[in-house]
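The structure appears below as structure tokens.
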Amino acid sequence: MTLKCFLLLLLSWVGNLRAQEDKRVVFSLGRFQNVSVPENVTVQAIVSRIPLDVSFIMLQFHTQHHNVTLSYTQLPGYGSSITSVDAGLLSTLLPAQSSLSWFLKTADGNNVTGIAVILPYTNTDPVPGACNQEFPLDIDPNIHLQYNLFETTITFAPANIGYARGQSPPACDVDMGSGTRWRLVYEVYQYFLPEGDLSEQSLISGMERVDNIQDNGRKVMTLSSHERTQLSFNSLPGQGVIFTVVVKDPAFNTSAAYVPAHTYACSFNSTLDSCAMLGKVSTKVFFTVMGAAGLFVCFLGHRFFKCELFCMGFGFMAFVFFVLITRTTALEYDIRLALTAVMGVVGGVVLLMCWWRFGSVIACVLVVGLILGFLVSSIVFFTPFGDLSIFHNDVVFWVVFVCIMVIILPFFIRWPREGNIITCGVVGAYTVVLAVNAYTYTSLSYITLDVLKRFLNHDFSRAFISVPMQGIDFIMITIWVVLGVSGNAVQLYRERSRLFFPPSPYVMWKQERERRKTNVLDPSHHKPSITTRILARVQQLTRRTEPAGESTPLLL
């Protein structure tokens, strides 16, 4: 009985091994399929019945965050395999070849499920990555993607023109006049996944739509064969985006796509600062308080001028100090945010005391005008205008940015009250948008965040700053406009019959003191001082409480 059980177990084990060794997935050309790659199992991807007019075959495999190794051979090796979450291999076909196979294996020891597709190309289609001189594969159709907090960089190998089965590939280093691969052009596309959606199903749907990227994606730019095949984009942590490149051959009016690459600009596997931890408690608290203060300023800022000055000074100093402390120290984010809040309070008190001590309304309102000018300039560069290639030069960018800021200031000199009220409405309403962004993703936060990134990172100037505008963004724009217009209307109506600005308490006290010293005709000039009047009142009350016949010495 024991021997029989042992034999059954042995046969079962051998059967499992054979099943693992023989695990195969049969593909149809151009059809997406879900593929499961078990742990420690090599999966063979097979395609057959390949038409004779097909010269090249590309296999793509995409997972959300687990690496998978694709290989031409069963044992992966350098130059014959690639490991990535978005991996692809391109194979050339022999004259009579009608079937082909590749091998898939997990790279991190986990069971992985992804989506795969096999795409055919003819001899007139360009060959993505066929002029590769940088990456290990001979023909590398992949988009190599790297990201950090500030930017996401994509790099891809140049393509070559197509050629028929059995022919030698054209040279990659020939002259323009020979009409070879130098005639090729590259179109770079972005496709944004739904905002705040980190699900795997969302990515799979996006990859299927990217198959027709020219209709569903957003073209960022077109590169010629002489331009560098490396581009930088603004990092959007928590926002899924798929990049792809389409290479076109104008001579035959044909095209081919590189393997799409996706990123969320955050890590799914990290225990610290992962995609699931983007909304930190400290960030939520900070921006919630700012949003509440901004809502107050939006509707009552000019009426309570002292509170408004404190809030504006807080925002101004907090931004400046955060840039300085981030560029000069390596402190943790929470510590930097706490120090930023402390320095913001100091900035608010300083601006408030400047008005209280000197009473210069114009000087304080000009600081308020700079804040509005900063926001207006940031909005201008948030539009497609900011993606013009000329603004990739830091000098040009900052000169134009500052000029737009300064253009706002004459309005505050001519109409200080109206300018102050408009700033309260626009800036106060925007802080409400930032408060909402602490809880749910909205692209409007990048209006100011892109400028902050440019302050903090010199290399960010070369990044494309396009962001998705989806349903929640249009809702937030509506809320911003409604709050801003309502706040301006309420304050302009309430302040129509009041003084333009409240007087400075210190200046009023000083003027009153000078008036009493110099104006002898003023009845108040002849009034005794407040100390004398207090002593006299004390004497009067003392006399009333003394017994009759007793005398009280005079109080000195």
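The values are calculated or read from the model by the stated rules, or taken from the named source; none is laboratory data. These numbers come from a predicted model, not from an experiment. Cβ sites come from the backbone with ideal geometry, for glycine too, and all protein chains shown count toward neighbours.
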- Item | Wholly within the stretch 82-137, strands (runs of 3 or more DSSP E) carrying at least 3 residues that are farther than 26 Å from Leu184 by Cα and without any contact (Cβ under 8 Å) to a residue 12 or more places away in the chain | none
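May I ask you to verify whether Val127 is within 32 Å of the chain's Cα centre (by Cα) and surrounded by 21 or more Cβ atoms within 10 Å (Cβ to Cβ)? Give the derivation first.
Values: within 32 Å of the chain's Cα centre (by Cα): no; surrounded by 21 or more Cβ atoms within 10 Å (Cβ to Cβ): yes.
The answer is no for Val127.
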- Task: For the stretch 118-137, state whether one or more residues are at pLDDT below 90 and hydroxyl-bearing (Ser, Thr, Tyr).
- Result: no
- Note on the structure: Here the residues within the stretch 406-433 that are within 23 Å of the chain's Cα centre (by Cα) and not hydroxyl-bearing (Ser, Thr, Tyr) are Val426, Val427, Gly428, Ala429, Val432, Val433
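With the structure loaded, tell me whether Ser466 is assigned to a helix (DSSP H, G or I), small (Gly, Ala, Ser), closer than 30 Å to Ala265 by Cβ and in the same structural domain as Ser360 (by TED's automatic domain parsing) or whether it fails that test.
On the way: assigned to a helix (DSSP H, G or I): no; small (Gly, Ala, Ser): yes; closer than 30 Å to Ala265 by Cβ: yes; in the same structural domain as Ser360 (by TED's automatic domain parsing): yes.
No.
On the given criteria, is Tyr493 within 18 Å of Glu308 (Cβ to Cβ), surrounded by fewer than 17 Cβ atoms within 10 Å (Cβ to Cβ) and at pLDDT 85 or above?
Working: within 18 Å of Glu308 (Cβ to Cβ): yes; surrounded by fewer than 17 Cβ atoms within 10 Å (Cβ to Cβ): yes; at pLDDT 85 or above: yes.
Yes: the conditions hold for Tyr493.
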- Counted residues, the stretch 385-426 - those being among the polar types (S, T, N, Q) and exposed (fewer than 14 other Cβ atoms within 10 Å of the Cβ): 2
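Taking the criterion of being of a type in the set (Val, Ile, Thr), under 24 Å from Asp125 (Cβ atoms) and either over 39 Å from the mean Cα position of the chain (by Cα) or modelled with pLDDT of 85 or more (or both), would at least one residue in the stretch 28-45 satisfy it?
Within the stretch 28-45, the subset of a type in the set (Val, Ile, Thr) is 35, 37, 41-43.
Add one more test, that the residue is under 24 Å from Asp125 (Cβ atoms), and what stays is none.
Looking for residues that are of a type in the set (Val, Ile, Thr), under 24 Å from Asp125 (Cβ atoms) and either over 39 Å from the mean Cα position of the chain (by Cα) or modelled with pLDDT of 85 or more (or both), one finds none in the stretch 28-45, hence no.
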- Message: Just to be sure I understand the filter: pairs with C-beta atoms under 7 Å, separated by 6 or more residues or on different chains, first member in the stretch 424-444 and farther than 16 Å from Val481 by Cα and touching a residue at least 60 places away in the same chain (Cβ under 8 Å), second member in a helix (DSSP H, G or I) and aromatic (Phe, Trp, Tyr). Which pairs pass?
- Response: Ala438/Phe287
- Query: For the stretch 213-234, does any single residue satisfy the condition of being assigned to a helix (DSSP H, G or I) and either in contact with a Lys or Arg (Cβ under 6 Å, 6 or more places away or on another chain) or polar (S, T, N, Q) (or both)?
  - Reply: yes
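Give me the residue from the stretch 429-463 that is of a type in the set (Gly, Ala, Ser) and outside any helix (DSSP H, G or I) and, out of that set, modelled with the highest pLDDT. Outline the logic, then answer.
So in the stretch 429-463, the residues of a type in the set (Gly, Ala, Ser) come out as 429, 435, 438, 443, 445, 461, 463.
When the remaining residues are screened for being outside any helix (DSSP H, G or I), the result is 438, 463.
Working: Ala438: 84, Ala463: 73.
Only one residue tops the list, namely Ala438.
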